[in-house]
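Reviewing the structure listed below.
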Amino acid sequence: MTAGLSPVKRPIAVLISGRGSNMRALIAACADPRFPARIVAVLSNREDAPGLRTAEEAGLHTVCIPSKPFGRDREAHERAIDDALRAAGTEIVCLAGYMRVLTPFLVGAWSGRMLNIHPSLLPAFPGLHTHARAIESGVAEHGCTVHLVTEGVDEGPILGQARVPVLPGDTPEILAARVLEEEHRLYPHALAAFIEGLVSA
């Protein structure tokens, strides 16, 4: 890249189910002209997700595709999501608190192009309740991981990690807040490094 030129911004979409705090970190990162991504869509499976309003206030295109009308047909719901991702021109998908286990359909459709952030130092503590489990296990360090999404839950290749100490007197809530600060730093950094790796590959 020529010195002084801004990078080409790759179009990404962010999937959320709640407040979208990691989405906010990505929005802030994408506002930097030097950051190699731009958000073309924010999608949620919940109409009441507070992150949708945050995204709208940031001037972003939002799409809500509730899962309830699809009943137990998770793949049909994901096909609707996939259609919306492609309609927005998405190249990379970032899961940011998207609280649904994905089917092989969506994972396969975006294989190698879907990232997730998980609140533990994978492979330790996949799944839910990571902070309580970390405290109960007596580990000295906890943290967060950005990884590529594969069919196994929280099993994809690791793109980056950030560590925090587990301190005496920590509760799951106190530890979660400490980890969340690192999540907000790690996700944009790992995404940028991932994109730069794609460009140089």
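Data overview
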read-out: Residue-span extension gain [Arg163 to His129] - 0.36 nm each, minus C-alpha spacing; value: 10.5 nm
read-out: Built amide H within the under 5 Å cut-off of Val14, gap 5+; value: Ala41, Val42, Leu43, Cys94
read-out: Shape of the chain, Cα gyration tensor, a/c cut at 1.5; value: oblate
read-out: Net charge over other residues, Cβ less than 11 angstrom from the Cβ of Ala96 (K, R count +1; D, E count -1); value: +1
read-out: Which of Val42, Val153 has the fewest Cβ neighbours within 10 Å, and the rest in rising order; value: Val153, Val42
read-out: Likely footprinting exposure, Ser120, Ser67, Ser44, fewest C-beta neighbours within 10 Å first; value: Ser67, Ser120, Ser44
read-out: Max mean-square fluctuation residue, GNM over the chain, Cα-Cα springs under 10 Å, options Gly112, Gly169, Gly20; value: Gly169
read-out: Exposure proxy order (Cβ contacts within 10 Å, fewest to most) of Thr145, Thr90, Thr54; value: Thr54, Thr90, Thr145
read-out: Total formal charge among the other residues, if their Cβ is under 13 angstrom from that of Arg10, Lys/Arg +1 and Asp/Glu -1; value: +1
read-out: Separation of the Glu47 and Leu180 label points, Cα + 7 Å toward Cβ, nm; value: 2.6
read-out: Whole-Hz ³J(HN,Hα) from phi, Karplus 6.51 cos²θ - 1.76 cosθ + 1.60, for segment 87-93, glycine and proline x; value: 4, 7, x, 5, 10, 9, 10
read-out: Relative contact order computed over the chain (Cα-Cα under 8 Å; 6+ residues apart), in percent; value: 19
read-out: Modelled label reach - Ser137, point 7 Å along Cα→Cβ, segment 165-197 residues with backbone N closer than 14 Å; value: 166
read-out: Full-extension gain in nm, Glu57 to Arg34, via 0.36 nm per residue minus C-alpha separation; value: 6.0 nm
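Each reported figure results from applying straightforward, stated rules to the coordinates on display, with no laboratory input. Here the structure is a predicted model, which means the values were calculated and not measured. No Cβ is skipped: glycine too gets one built from the backbone with ideal geometry, and neighbour counts run over all protein chains shown.
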